[in-house]
Amino acid sequence: MKKIIFFLNIVLLMAYHSKAQIAYYDAIALKGYIKSTGKFGGNPPNDPTGYIEILKNYIEKDKRDDIKNMGDLYQYLDSDGIKNVFLIDFCNNSSLSSEDDRQLPTRSIFTSVAGLDVTKYGDGLAKFLVERTKEELSIAFFERFKNDLDNFEEIRILFPTTYQTLNVIDQEVYNFAAYLDLLRESLQKDMITIIPNIRKLVNDPVMADFFKKYPPLKTILSDALYVIHELDQGIHPAEAIHNYISYEADKGSLEQVNSNLFPGLQTFDLFSASLRTKQDDQYWLSADSLSVLFKDDVLLRIYFGLIYQQAKLNNISFGDTALTTYLGKMESNFNSLKRTYQPYLSGLINRGKAVDQTFKIIKELQQRENTKPTYVEYFALYDAFLNFFEYAKQYNQFIGSSKSFDLEVEKYFKAMRGIGNIYLDVNQKQYASAVVEVANVYKTIIVDTLRKASDAESTKHQQILDTFVKYGNFAAIMTKAETSDEVKKAIEAVALPSGSSRIKRESKFNAAINAFVGPYAGTENIPISGKNNFHFSTGLAAPVGVAFSWGIAPEKLGRKGASLSLFFSLIDIGALTSFRFQDDSTETAPQVQLKDIFSPGAFLILGLPKSPVSISLGNQLGPRLHEVTAQEANSVANFYYRLSLSVLVDIPLLNLSTKQLGEIRTKKRKKSGIFGFLK
């Protein structure tokens, strides 16, 4: 994969200048042939027919040999019922001879649970409750990752290398730590090749039905990807646009986006090409040169005559009205023409100047030994390019239309900017930003389009988006990780982040392996010599078990809703957790036996609105482990019962099932909550 962002092949910068006709310079040359009579003639000396040779380049190739003299030229300019009102007055019916015809040049064309002793298990779980990390969560995450890739072909196309790696690991996923380097390399490769992967997704049969329903959207994405590919090949932005409009853009497809989009792009490219300079250090003319053009009516008239001819050759039409028709109407009111086109062309030149300036900065930095362009310079160049290209939307002002572009055209330019930003972010290794840009493009082009579509289709693509964001962020973090601690943090960041307790409040039903941590107060009965011994007790509880939860009015209150849970505990590591809150530096805790943390119980838990805090009332077989220090673990001799009221922090460990509103009651779009994979 190329690591240099834009335009490394600097020699292409001006490759096009020496080959194509430039209307601005041809207009200046033609003015030199005007005699005192106001007609073309024998000036400059010894080149009496030079103006015919210039004008032949603005005539269809198959008709050039027919133009032998001024009379022939006059007849051509008034042929087919279309008169070039700008040029014909400079001609008469004289019969000067003509030289050889010059041909128009051809353009040159990214310790498993089973092996863990009770002490390590209890201490490890306590650390998780404090630090929110545990290997079992990571295993579940990677299992779900593979499962989501199995379920969504679209995600497989975007993460092809990672999918292959997970298939190789397969049942060994419990030992995923041994494959972390391979996984990281796979994720990194998929991030680097995200642009080619997007191109594959756009053209894959899995998207065929969608694009069959919405064909303009495929055009929007495909064209944006093509332009970025051109830029990646080291082609100057103006040439990338020209190649796209000339060789890639399909009139019929673009008309499905907007009937005026293709002719608008053609017209923009026509004027851009007409104002190129012959200087080696810039692409477009200066503002002063443009000012000279508009101060000389004869020169300006010739210039627009050449533009007229090129518009005719390219058959540029807005609907049933040709661009030549709009130009011809303005010829009779030349002051109006100047008022319309001078601001338009000035704006084009100014935006082109910004492209030239940023391009020149990058070129100079590349030529220095100890420096190279940074993200800032590349972003400035690409931003300037997009501002230049988006100027194509300004065609309305010179066809006399006040109608603005519709939503589909805005999507067209947003996709162009979004795909470009993805390319730039990936090449600068800004992977998190690239994920955001991919998500924005997918949302804008696909998800937003389906808001009024069927629930099933809309829900599917929203799930695809949510899934991509989740794993894309994980990939972005993993590719940056260099140490095992950083990898651990990357997994922590996506396995089940803080705040996941709100799933209960926002869902109709949820089942999860769950932990709760917080202070309790209640009555304990610790028998002494076989007799009951009730006493008031307080401390820190950390029960772990299975929770079955229901959102209280989630369809009305959403995140403001509460939740009600039936929780069945299996163990309680409150003493270990309390120890780890106070001491997180001791490497291992004192030995703890399974019987010391065994604590089955049943609880009714109320999850408070807009908070991970819950109120719990329940009865349990109290854990024998009462206190842990760095030196020892103190346990009571016998099992006992505890009836307690607690204020707990809700910490879901692994969701087993989530039923959203759309699955049970309503026909509204299914919500995936915070984590689309926890269903």
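At a glance:
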{"item": "Estimated distance in nm for a label pair at residue 486 and residue 250, the labels positioned 7 Å out from Cα along Cα-to-Cβ", "result": "4.4"}
{"item": "Rounded accessible area per residue of segment 294-401, 1.4 Å, Å²", "result": "45"}
{"item": "Computed accessible area, residue 368, all protein chains, 1.4 angstrom probe, square angstrom", "result": "130"}
{"item": "Label-point separation in nm, residue 564 to residue 410, each point 7 Å along Cα→Cβ", "result": "4.5"}
{"item": "Accessible-area composition of segment 335-426, carbon plus sulfur, in percent [1.4 Å probe]", "result": "47"}
{"item": "Residue 278 paired with residue 538, simple spin-label distance in nm, labels 7 Å along Cα-to-beta-carbon", "result": "9.2"}
{"item": "Shape category assigned to segment 270-313 from the gyration tensor of Cα positions, a/c cut at 1.5", "result": "oblate"}
{"item": "Probe 1.4 Å, protein heavy atoms only - accessible area per residue of segment 167-260 in square angstrom", "result": "42"}
{"item": "Accessible surface of segment 191-301, 1.4 Å probe, proportion on carbon and sulfur as whole %", "result": "47"}
{"item": "Residue 295-residue 354 FRET efficiency (beta carbon distance; Förster radius 22 Å; 0.05 resolution)", "result": "0.35"}
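The values are calculated or read from the model by the stated rules, or taken from the named source; none is laboratory data. Predicted model only: the values in this text are computed from it and were never measured. Quick reminder, even Gly has a Cβ in these numbers, built from the backbone with ideal geometry, and neighbours come from all protein chains shown. Side chains included, ligands, DNA and RNA excluded: accessible areas come from the protein's heavy atoms. Shrake-Rupley method; radii C 1.70, N 1.55, O 1.52, S 1.80 Å.
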